[in-house]
Every structure is written in C-alpha cells, then in structure tokens.
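S.K.: Sharing a structure below in structure tokens format, with a few things to ask.
The values are calculated or read from the model by the stated rules, or taken from the named source; none is laboratory data. On a predicted model such as this, the values are computed, not experimentally measured, just so you know. Here Cβ is always computed from backbone atoms with ideal geometry, including for glycine, and neighbour counts include all displayed protein chains. Quick note on the areas: whole protein, heavy atoms, side chains included, nothing else; ligands and nucleic acids left out. Shrake-Rupley method; radii C 1.70, N 1.55, O 1.52, S 1.80 Å.
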Amino acid sequence: MTTSTGPAARTRRSTGPRRAAVVLLAGALSALGACSDTGEDPTTTTAGPTTTDGATSTTTTAVTSSTTTSPGDVDPQDFEDGAGTASFSTPSGDIGCVLTEEEVRCDVVEAQFDPPPAPADCDLDWGHALIVRREGSGKFLCAGDTVVGSDHVLAEDETLRYGDFSCTHAEWDDEVGVSCSQVARGQGFRVSVAEYLLY
C-alpha cells in the first residue's frame, strides 16, 4: 500500500524529446520505489538536474511510504475524516478510535474493567480512554471528551494502518476488542469492554 504524504513538487524548464525522457525516467523510478517494500523511512525520488542545450530540467516526485499489507488490511482512505485523521468504530459501537500522524486513541463506551488509579491531577473522566503516541507505551488518558461515534466500521479481523500506527479488531482470550500500536516500536494497547492490556 502506498501513501502520499504531500503534493508532488515539479519544476520543469525544458522542451522537446529529452524532457519527455526525463519525465518518463522519474515516473519509472517513482513506480519502482512504490513497489519496493523495504520497511525503511519514506524516500524522495529525484531525476535531474539534466542539462539539455543550455536548459535545465529537474523533476521531483512526492514522498511516498511503502507499507506491508495483509489480507485483512483495509484501505485507509475509506476511514479518513480529513485534516490528517482516520477513525472507526467496532460494529457493536462499544469502542471508537481515532488515528493521527502523532497518536492513536481509543475509547470504550461502558468499560467493565478496573483501570489503574487516576493521576492526582486528573480533573476529567478516567478509565475509558487509552492512547499510544510516537514515543512511549500505551496508557490511559485523562479526557473530558470521547472519540466514540465514527461512521466508519472496522469489522472483526480487519486492520487499519494509518501513518506509523496500526489498529486491529480481533478476538483474543474469548474477548473481541481492538489492539493498536506504534508499528516500528510495537508499543500500544489492546482493549475490550471487559479487559485491557498496556504494552
């Protein structure tokens, strides 16, 4: 799966057949980069500068990221809400999650588990919201709002990958819930109505 992270920047100042050759070369390099699955950071493919009869032609393609996909992966564009966020609810509506470039947060409507004690400085609700950010492990979040209520539904055995994060709706230990993590570090959480695990 390839995700563009910005508009393509293109600067061209040449004419004739050589310009077409440079553009075709850049397109071929970009296609090869999109097909590779190295698991490395996003890269930029640039062709040029090329001098042709005193004119310079430079073509730069957009930064792209290759992600390994599995049979249960969903298309992240189907879950986007705009402004760099994606969201989903479980079919029961008991759990809702929002993924951004910086974090994943999931809320449980009526949790039946006992969360850890609330921090002394938490003046809002505690025990219904879990979060994992780019740095650090999964944890509970002191929050006065909720992310439950997305119109996008993540069915059981489906996975949504968005940016550096991944969430899977699945069954474990006879419980159906959601597990979310920061993919590179593998840290995150899993949560159902009845239980949770932070890692």
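S.K.: With the calculation restricted to Cα positions, what are the radius of gyration and Dmax of region 97-151 in angstrom?
M.R.: Values for region 97-151 (Cα only, Rg and Dmax): 11.3, 35 Å.
S.K.: Once all Cα-Cα distances of region 138-187 are split into 10 Å bins that start at 0, what whole-number percent is in each one?
M.R.: Reading upward from the zero bin: 21, 47, 32, 0.
S.K.: Taking θ = phi - 60°, what integer Hz values does the Karplus form 6.51 cos²θ - 1.76 cosθ + 1.60 yield along region 165-171, in sequence order, with x for Gly and Pro?
M.R.: Using θ = phi - 60°, the values come out as 10, 9, 10, 10, 9, 7, 9 Hz.
S.K.: Another question, then. What list of ³J(HN,Hα) values in whole Hz, one per residue of region 82-91 in order, does the Karplus curve 6.51 cos²θ - 1.76 cosθ + 1.60 (θ = phi - 60°) give from phi, with Gly and Pro shown as x?
M.R.: These are the phi-based 3J(HN,Hα) values: x, 6, x, 10, 10, 8, 7, 10, 6, x Hz.
S.K.: If you don't mind, there's one more thing I want to ask. Once the other residues with Cβ under 11 Å from the Cβ of Gly144 are scored (Lys, Arg +1; Asp, Glu -1), what is the net sum?
M.R.: -3
S.K.: Amide H of Tyr196 versus every other amide H placed in the peptide plane: which residues, excluding those fewer than 5 positions away on the same chain, fall under 5 Å?
M.R.: none
S.K.: Using a 1.4 Å probe and ignoring any ligands, DNA or RNA, find the accessible area of Trp126 and quote it in Å² to the nearest 10.
M.R.: About 70 Å², ignoring ligands and nucleic acids.
S.K.: Roll a 1.4 Å probe over the protein chains and send me the accessible area per residue for region 73-124 in Å².
M.R.: Ligands and nucleic acids excluded, the figure is 53 Å² per residue.
S.K.: Can you tell me how region 75-199 classifies by the Cα gyration tensor, rounded, prolate or oblate, using a/c under 1.5 as the rounded cut?
M.R.: It is rounded, given that a/c, with a ≥ b ≥ c, falls under 1.5.
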